[in-house]
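Below is one structure, written out as C-alpha cells; the observations come after it.
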Amino acid sequence: MHFREAFIRMFLRPFSTFAAIVLCALPGGISAQTADWRTPAEISGYRTTPDYAGTVSYLDRIAAANPVQVKIENFGKTGEGRDLKIVIASKDGIFDPEAIHASGRAILLVQNSIHAGEMDGKDACLALLRDITITKTKAALLDHVVFVFIPVYNIDGHERRSAYNRINQNGPELAGWRGNASNLNLNRDYMKADTPETRAFLKMFHRWLPDFFVDDHVTDGADYQYDVTFTIDDTPDVAPATAKWIRESVTPELERQVNASGHLAFPTYITLNDDTDPAQGLAFNPDPPRFSTGQMILEDRPGMLVELHMLKDYKTRVTGNYEILRALLEVMNRDAAKLIALNREADADAAKLGAHPLGNEKFPLAIDGNGETTPVVFHGYQFTRALSEISGAMWIQYSHAPWNVTLPLATGAKVTASTNPPAAYIVPPQWTHVIDLLPAHDVAMRSTTALLTGKAERYHCSGMQWQGPPFEGRHPIFAGENAGAQPGRYGQCTLATETLTFPAGSVVVELNQRLSKVAIQWLEPGAPDSSLGWGFFDSIFEQKEYGEAYVLEKLARENMAKDPALKAEFEHRIQSDPRFAASPEARLEFFYERSPWFLENRVGEYPVGRLLSLDGLPLE
Ligand SMILES: [Zn+2]
C-alpha cells in the first residue's frame, strides 16, 4: 500500500465508527422514523460525499416527494457536457422568477462546489432542503424567501474524484478537483467568462436576479479554532446603504447565530499577514470582479463568501455550513422587504452612472486595504516557529491548544484606482472578443450605422509587463497567482481628448443601465480585471514596422544635423547608459522612435473611445 494512502485511511477511519453516534444530533433532529431521508453524506457518517449522479438522485427523490415546493431546472452544460442544475424551493409552487419578484419574496442563490474538492455546501444544502420541504422542521424559512441553490457548479471537476486532490483537507474520502475540465479556476473567471460554466451562470443569474448570493468553499491557509469563516463585502465599492445593512444587521447576526448553534464563526475570511507568524495579524482581502463575490459587487447584490475550515472533520464542516445558510435564511426572512428595497435602489443608482460625464463623481475601480486595523479577539491555536533545514525558511507548527489573543485585523479600505464614468463607451467592431463579453454579461449595447468622426476621449498606454507563467490560461498585465519569476505589471494609461474615427458597426455601450458597472470594469484599462489587463488588447502593444539598420544610419545622421538637441540627447544617453551604449540596435532605434515613422505604429493606443454625449450618434 502506498504510504500516502495508508496515512489517509488511518486518518479517516475514526469518522466511520463515529457515524452511528452522530445520527441523533443531525440538523433538523432526524428521528429513526424518518431515517430514510438521511442524505448520502449522513448515511456514510460523513465519511463520503456522493458523486453527481448520487447527488441528483437524492434531489430527484425530494422533488418527487414534494413537487409542490421543489423544482429542479437545467441552466446549461459544462465543458464535458454535463447538465448544470439549480434546485428551487418555494412555499407555494411559484417557480417563475418574475412571479416571485412580484410576490415580494426575496430570492437567495447559493452556489456550491465551484472548487469541487470543497463540497461541504452541497451536502449542507441537501440536508437543508430536506428539513425545509420534507421533514418541515425548517419550513418557515420559505415564508418570505425562495431558496435556490446550485448543488454542484464545477461538475466536471467534481467527477474527477480522488483521495489526493486536497492535500490540506480533512476528508471526505474522495474529493473533486479545483479546476474545471479545461483546468480553469471558475472562481477567477467571472469577469472574463472564458468557460461555458461562467456563461451559463451569468444567463441563469440574470433570469433569476437573486437578492442575495452565497458561494460555499473550504479554506486553505492557517490553522485556528474557527470552523465557519465568512465575508460579506461592505467595502467602498458596495452601495452605501447595502453596506450599512450588511455591517450592522447581517454579519453580526450570522456570527451570533452560528456561535449559538455550537459552531465557532469568524466574520472575515482569514488570511495572515505572515503565513509563518499569526501574531503579525490578519490581512485585508480585496474582491475584484474575477471572483464570484466580486461579480456580485458589479451586480449590486450582497455576496457572501463562506469558508469552512479545511482541518475540521467533515461532519463539523457540513453542519457548520448548514447553520450559516439557515441563519442567513432567517435574516432574509426578517429583512426581506428591506433587502428588496436596497437592491432596487442600488440598481437605479447604477443606471445613472453615465448621467454626469463632465462632473467630478469618481467611480471606484479597485479597492485595497488602507493600513487601518481593528483589534479583534482571535481564537487561534498555539504554535511554535523554527528555522527549517528542509525549506531554509521559517516553519510553523500548530498545536491544538487554544491561543486566545487580541490581534490587529486589517479593516480599513481605500480606493486605489477610479474613473469619471463617460456617458458611453464605443468599441470598434474588429475587437470581437472584447465585444463578445458584453452580451455574455447581458450588458446592453447598440451598433453605429455609419462612419463616425468626432471628439472622444481615448487612453494612451505604456510601461506594461506581461506575466511569464500563465494565470488562468492567459498572460495578464497584472500579477496573477503563479506569477513565478516574471509577474505582470500594469504600467499607465493616460487619457486625452482627440478627434477620432469609428467604423460603422462600432458598438456603443451606454452607462444608463443596471449592468453599467460591468461595462466600466471591462473597458477601463486600469480596472483589476479589465479586458486590457487580461490580454484582450495585447496586439495594440506590438510594433509592426521597423527600420533597416542602413536606413536608420542615414536617418540618424540627417536628423542630428537638423536638430542639435536630438544630437545632445543621444550623446548624453551614450555617456549615461552603458547598456544602451553597448546595443547597436537600441542606438539606431533611438532615432526611429523619435520619428514620424514610429508614431504610425500607434503602439499603446487603446482603441476604445469614451463618449461624453450621445448627441448626433448614428445608432441603430
Ligand atoms: Zn475554494
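Here are some notes:
- F383 meets the conditions (1) over 24 Å from the mean Cα position of the chain (by Cα); (2) within 30 Å of N360 (Cα to Cα) in every case but one. The failed one is (2).
- Exclusive hit being surrounded by fewer than 14 Cβ atoms within 10 Å (Cβ to Cβ) and in contact (Cβ under 8 Å) with a residue 12 or more places away in the chain, set R573, R602, R579, R610: R602
- Each residue in the stretch 303-350 was checked for being in a loop (DSSP other than H, G, I, E, B) and away from the ligand (no atom under 16 Å from the Cβ), and 2 pass.
- Condition check for R161: more than 13 Å from the ligand (Cβ to nearest atom) and more than 13 Å from M119 (Cα to Cα): no
- Meets criteria (within 16 Å of the ligand (Cβ to nearest atom) and either small (G, A, S) or assigned to a loop (DSSP other than H, G, I, E, B) (or both)) for A222: yes
- Single residue of P476, P429, P421, P408 found to be open to solvent by less than 20 Å² (accessible area, probe 1.4 Å) and either among the basic types (K, R) or touching a residue at least 60 places away in the same chain (Cβ under 8 Å) (or both): P421
- Checked against the criterion of being out of contact with any Asp or Glu (no Cβ under 9 Å at 6 or more places or on another chain), in a helix (DSSP H, G or I) and either within 16 Å of the ligand (Cβ to nearest atom) or open to solvent by 40 Å² or more (accessible area, probe 1.4 Å) (or both), the candidates A124, A64 yield just one match: A64.
Rundown of residues vs (1) buried (at least 18 other Cβ atoms within 10 Å of the Cβ); (2) in contact (Cβ under 8 Å) with a residue 60 or more places away in the chain, yes/no style:
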position: T319; (1), (2): yes, yes
position: M332; (1), (2): yes, yes
position: D335; (1), (2): yes, yes
position: R344; (1), (2): no, no
position: D349; (1), (2): no, yes
position: L353; (1), (2): yes, yes
position: L358; (1), (2): no, yes
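- Test: residue in the stretch 244-262 that is assigned to a loop (DSSP other than H, G, I, E, B), over 21 Å from the mean Cα position of the chain (by Cα) and within 16 Å of the ligand (Cβ to nearest atom): no
- Restricting attention to the stretch 247-264, the residues that are surrounded by fewer than 22 Cβ atoms within 10 Å (Cβ to Cβ) and under 23 Å from P302 (Cα atoms) total 11.
- Conditions (1) in a strand (DSSP E or B); (2) in contact with an Asp or Glu (Cβ under 7 Å, 6 or more places away or on another chain); (3) not hydrophobic (A, V, I, L, M, F, W, C); number of the one not met by D215: (2)
- In the set (1) assigned to a helix (DSSP H, G or I); (2) at pLDDT below 95, the condition left unmet by N187 is number (2).
- The test for being open to solvent by 10 Å² or more (accessible area, probe 1.4 Å), more than 16 Å from the ligand (Cβ to nearest atom) and not hydrophobic (A, V, I, L, M, F, W, C) holds for R105.
- Search result, residues across the stretch 360-405 that are touching a residue at least 40 places away in the same chain (Cβ under 8 Å), open to solvent by 90 Å² or more (accessible area, probe 1.4 Å) and in a loop (DSSP other than H, G, I, E, B): N360, E361, K362, E372
- From the list D227, D211, the lone residue that is over 17 Å from the mean Cα position of the chain (by Cα), within 16 Å of the ligand (Cβ to nearest atom), open to solvent by less than 40 Å² (accessible area, probe 1.4 Å) and acidic (D, E) is D227.
- Among residues of the stretch 258-275 that are closer than 21 Å to R247 by Cβ, those with a beta-carbon under 9 Å from a residue that is open to solvent by 40 Å² or more (accessible area, probe 1.4 Å) and of a type in the set (D, E, K, R) at least six positions away or on a different chain give the pairs A265/E255; A265/R256; F266/E255; P267/E255.
- In the stretch 82-108, the residues that are closer than 14 Å to P151 by Cβ reach residues that are surrounded by fewer than 14 Cβ atoms within 10 Å (Cβ to Cβ) and not basic (K, R) with C-beta atoms within less than 9 angstrom, at least six apart or across chains, in these pairs: D83/N74; L84/N74; K85/N74; I86/N74.
- Residues in the stretch 172-208 that are small (G, A, S), within 16 Å of the ligand (Cβ to nearest atom) and surrounded by fewer than 23 Cβ atoms within 10 Å (Cβ to Cβ): G179 alone.
- Residues in the stretch 481-538 that are charged (D, E, K, R) and open to solvent by 10 Å² or more (accessible area, probe 1.4 Å): E481, R489, E498, E510, R514, K517, D538.
- Residue list for the stretch 273-296, filter: under 8 Å from the mean Cα position of the chain (by Cα), closer than 19 Å to A410 by Cα and in a loop (DSSP other than H, G, I, E, B): D287, P288
- Each residue in the stretch 435-473 was checked for being of a type in the set (S, T, Y) and within 30 Å of A200 (Cα to Cα), and 2 of them qualify.
The values are calculated or read from the model by the stated rules, or taken from the named source; none is laboratory data. The structure presented is a predicted model; accordingly, all values stated were derived computationally and were not measured. Positions of Cβ are backbone-derived with ideal geometry, glycine not excepted, and every protein chain shown enters the neighbour counts. Only protein heavy atoms, including side chains, enter the accessible area calculation; ligands, DNA and RNA are left aside. Shrake-Rupley method; radii C 1.70, N 1.55, O 1.52, S 1.80 Å.
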